[in-house]
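Asks: Quick one: the structure is below, questions incoming.
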Amino acid sequence: MAGIFHGDNLLNGLAHFIKGGVFFFFGIITLLRFVGSLSGLGWAWNLKASGPSSRSWHHSVTMEGLECLLIFIYGISNVFLEHLSAWGEAWTAQDLEHVAISLLFIGGGLCGMMVESRTVSWTWSIPNTSTDRVALGSNERHTLTPGWSTNPIPAMIIFLLGTILAGHHQNSTESTMMHKWVGNFLTAASVARSLTYLFLHIAPARSQSPSRPPTELVTSFCLMCGGLMLMASNRDTVDAMMENELNAMLVASVMMGLTAVLMAWCLAVVGIKEWAQRGRERYTEEQGEMALE
């Protein structure tokens, strides 16, 4: 039968595509943060204005706090699903390993959220890297604070996950190599994110403009490519690879090339959007000047 995800392999395929899709789209979000999207929330590695009128949740949550919440939800949702494909059968070493990974995500996500919490007295507060204040109104002054924190928990969790996947035993050599590539990409993404924190610690952002740390391009590439490799590591795809005498290196090369093209497309779309916005602003200014004349 042509196609993938038939019969007993349905849940295996869905698991790989859903989990890989999470990393892929988070890599796109990381790329958008690099080019300046979400700068109003301070999530573009910039400072945000905080004051009495900016107390809604999206003004008080850091990106690391959101990452920890997603990690926690990821673990909670997976811990009950890891044995679903073999329901009623004996638990295997792989099943127990998957449950252990889910527990790592649950515990790590909880730790990260408690570190980010403003209600616990022993947690750190986000350092104010700028003493500048922005006047927004006659009686209100906003303090510039970063929209991120140097919380190492999310990067550490992804690093550990990458290490586990790099040594994740599979039923075939090609499947093992595919998962090893996934692990290597996720490990590299966590290392690049750690370097971002190091650079921002040495030279912190001091304005509301996006700081664009170059290491985030590496983080984005590795997350996107790791996600695509994880989607391609499902059982049906690996079986088709072996049947057609294809190896994991070929798939990895194709995925790396595809990721580079997708990143270029995303950057081009954002560039066109900014060009259109500048043109609209110039047009508005010209219309205003003509009205005054």
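Asks: Restricting attention to the stretch 204-260, which residues are of a type in the set (D, E, K, R) and in a helix (DSSP H, G or I)?
Replies: If the condition is that a residue be of a type in the set (D, E, K, R) and in a helix (DSSP H, G or I), then Glu216, Arg235, Asp236, Asp239, Glu243 are the ones that fit.
Asks: Has the stretch 192-203 got any residue that is more than 20 Å from the chain's Cα centre (by Cα) and assigned to a helix (DSSP H, G or I)?
Replies: yes
Asks: Within the stretch 199-239, take every residue that is basic (Lys, Arg) and out of contact with any Phe, Trp or Tyr (no Cβ under 7 Å at 6 or more places or on another chain) and give me the one that is modelled with the highest pLDDT.
Replies: Checked the stretch 199-239; the qualifying residue modelled with the highest pLDDT is Arg235.
Asks: So if I check each of Thr237, Thr196, Thr187, which one is farther than 18 Å from Gly21 by Cα, surrounded by 18 or more Cβ atoms within 10 Å (Cβ to Cβ) and of a type in the set (Ser, Thr, Tyr)?
Replies: Thr196
Asks: OK, next. Please enumerate the residues belonging to the stretch 197-247 that are aromatic (Phe, Trp, Tyr) and farther than 23 Å from Thr62 by Cβ.
Replies: Phe221
Asks: In this structure, is Met263 assigned to a helix (DSSP H, G or I), over 23 Å from Ile164 (Cα atoms) and in contact with an Asp or Glu (Cβ under 9 Å, 6 or more places away or on another chain)?
Replies: For Met263, the condition - assigned to a helix (DSSP H, G or I), over 23 Å from Ile164 (Cα atoms) and in contact with an Asp or Glu (Cβ under 9 Å, 6 or more places away or on another chain) - is not met.
Asks: In the stretch 167-187, what count of residues is obtained for those that are touching a Ser or Thr at 6+ places or on another chain (Cβ under 7 Å) and modelled with pLDDT of 85 or more?
Replies: Qualifying residue count, the stretch 167-187: 6.
The values are calculated or read from the model by the stated rules, or taken from the named source; none is laboratory data. This one's a predicted model, so the numbers in the text were calculated from it and none came from an experiment. Counting neighbours? That spans all protein chains shown, and the Cβs are built from the backbone with ideal geometry, glycine included.
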